1. Taking the stated definitions as given, is residue 93 surrounded by 15 or more Cβ atoms within 10 Å (Cβ to Cβ) and more than 23 Å from residue 113 (Cα to Cα)?
2. Among the numbered criteria (1) within 23 Å of the chain's Cα centre (by Cα); (2) modelled with pLDDT under 90, which one does residue 263 miss?
3. Quick one: in region 224-235, of everything that is over 17 Å from the mean Cα position of the chain (by Cα) and part of a helix (DSSP H, G or I), which residue is modelled with the lowest pLDDT?
4. Go through region 81-122 residue by residue and tally those that are in contact (Cβ under 8 Å) with a residue 60 or more places away in the chain and either in a helix (DSSP H, G or I) or outside the structural domain of residue 62 (by TED's automatic domain parsing) (or both).
5. Looking only at helices (runs of 4 or more DSSP H) that fall completely inside region 125-223, which ones have 1 or more residues that are under 29 Å from residue 318 (Cβ atoms) and at pLDDT 90 or above?
6. If you check 424, 348, which single one turns out to be surrounded by 15 or more Cβ atoms within 10 Å (Cβ to Cβ) and either at negative phi or modelled with pLDDT of 70 or more (or both)?
7. Among the residues of region 19-43, how many are on the phi < 0 side of the Ramachandran plot and either surrounded by fewer than 11 Cβ atoms within 10 Å (Cβ to Cβ) or not in a loop (DSSP other than H, G, I, E, B) (or both)?
């Protein structure tokens with residue numbers, strides 16, 4: 001390995017800026033330094049690559065041990081995030097890139113100083129800026145540098161396994177952050193992903209998150225519904241406390257009913273008429289409400305606000321959940337419920353606007369039995385019955401009036417005929 005002194009390119013500032021390195025000078029001193037370069041043999045390159053791959057595998061072995069032994073506390077990982085870390089590891093979720101900082105003199109083996117795979121910088125410089133430098137100073141020169149191609153390959157895996165929509169967030173006041181994220185976004189686009197930019201400061205108002213939030217909400221509700229069911233106990237254990245057991249005869253129908261109850265609880269109790277978050281002490285009307293609440297809290301859909309001397313207040317964990325939840329609920333209802341049940345929810349959401357009530361043949365097709373219905377559905381059918389009854393009375397009254405009118409007309413015609421006959425009768 002040789003350190004070679006060279007002259008910087010005459011227009012180096014403009015050249016690096018053309019490739020996004022706008023932060024080449026910091027506090028008046030060059031951050032990007034072209035006064036020297038390192039020349040390595042193919043053997044030394046192979047040693048560096050072998051060291052990086054070996055160290056990466058060793059780090060993954062360590063991660064596996066930490067996850068299996070639940071040693072998260074050693075790394076100051078908050079307890080509420082432990083399951084997320086474990087699930088990510090178990091599902092082999094894809095990673096993008098990391099940066100090894102190595103000490104190497106070309107004689108002994110490379111030594112690890114740091115492995116930064118959280119928010120590694122120096123990406124733009126290492127990938128395309130130094131490659132362009134090489135082409136400017138030595139057109140035939142080669143470089144141990146496949147970062148750009150590997151990034152596109154990594155984003156391709158993300159697209160195949162996690163979806164093709166990716167959002168890139170950067171702190172708008174940090175030029176280095178913005179340009180690094182811009183470069184990452186460009187490689188994602190080259191991999192065929194739909195990549196959208198956003199500043200960290202504006203994340204709360206970012207609408208394209210809605211689809212992923214809807215999917216997240218759908219998953220949480222399903223998990224909560226599973227825990228909210230009281231399943232039939234084995235016969236040998238089904239003694240005592242029988243009042244607390246619910247035998248599920250139609251699991252699909254039962255689970256759908258519980259999921260509907262949980263969705264209604266979120267929409268009616270945690271979201272107000274103005275589509276703003278609100279708090280509630282009322283628990284969802286499901287067989288095991290505490291179990292359902294525990295799941296929704298553990299997965300960060302809701303949070304509790306403990307109050308002295310009383311039960312906690314429950315609320316959604318963030319305002320940005322409101323819109324996607326309402327949209328996802330509507331989609332689920334249209335897919336899983338009868339049309340009159342969808343109208344019942346629209347009636348409730350509108351503040352009980354009578355335009356949504358069932359009338360005529362619609363009401364006659366509605367179920368007569370009110371058992372197994374939600375409170376909203378029961379109230380909706382009751383209100384529809386009142387309207388149906390009133391309209392029936394009006395219909396009958398109109399029929400009676402029409403009949404009376406017809407009799408009157410017939411009577412008048414009869415009288416006219418009689419008068420005509422009397423007029424022409426000879427006296």
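The values are calculated or read from the model by the stated rules, or taken from the named source; none is laboratory data. These numbers were taken from a predicted model, which means no experiment stands behind them. Cβ coordinates were reconstructed from backbone atoms using ideal geometry, including for glycine residues, and neighbour counts include every protein chain displayed.
1. Details: surrounded by 15 or more Cβ atoms within 10 Å (Cβ to Cβ): no; more than 23 Å from residue 113 (Cα to Cα): yes.
No; evaluated as a whole, the condition is false for this residue.
2. That leaves (2) as the condition not met.
3. The initial filter retains those residues of region 224-235 that are over 17 Å from the mean Cα position of the chain (by Cα), namely 225-235.
From the residues that got through so far, the ones that are part of a helix (DSSP H, G or I) too are 225-227, 235.
Details: 225: 90, 226: 89, 227: 89, 235: 40.
Per the criteria, the residue is 235.
4. Of the residues in that region, 1 qualify.
5. Values: elements: 130-137, 147-162, 175-190.
By residue number, 147-162, 175-190.
6. Working: 424 fails: surrounded by 15 or more Cβ atoms within 10 Å (Cβ to Cβ).
After ruling out the rest, the residue left standing is 348.
7. Restricting attention to region 19-43, the residues satisfying the condition of being on the phi < 0 side of the Ramachandran plot are 19, 21-26, 29-43.
Filter once more, so that each one left must be either surrounded by fewer than 11 Cβ atoms within 10 Å (Cβ to Cβ) or not in a loop (DSSP other than H, G, I, E, B) (or both): 25-26, 29-30, 35-39, 42-43.
Number satisfying all stated conditions: 11.
Each row is one residue, and each column tells you yes or no for (1) surrounded by 15 or more Cβ atoms within 10 Å (Cβ to Cβ); (2) touching a strand residue (DSSP E or B) at 6+ places or on another chain (Cβ under 7 Å); (3) at pLDDT 85 or above.
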| residue | (1), (2), (3) |
| --- | --- |
| 318 | no, no, no |
| 329 | yes, no, yes |
| 335 | no, no, yes |
| 341 | yes, no, no |
| 352 | no, no, no |
| 366 | yes, no, no |
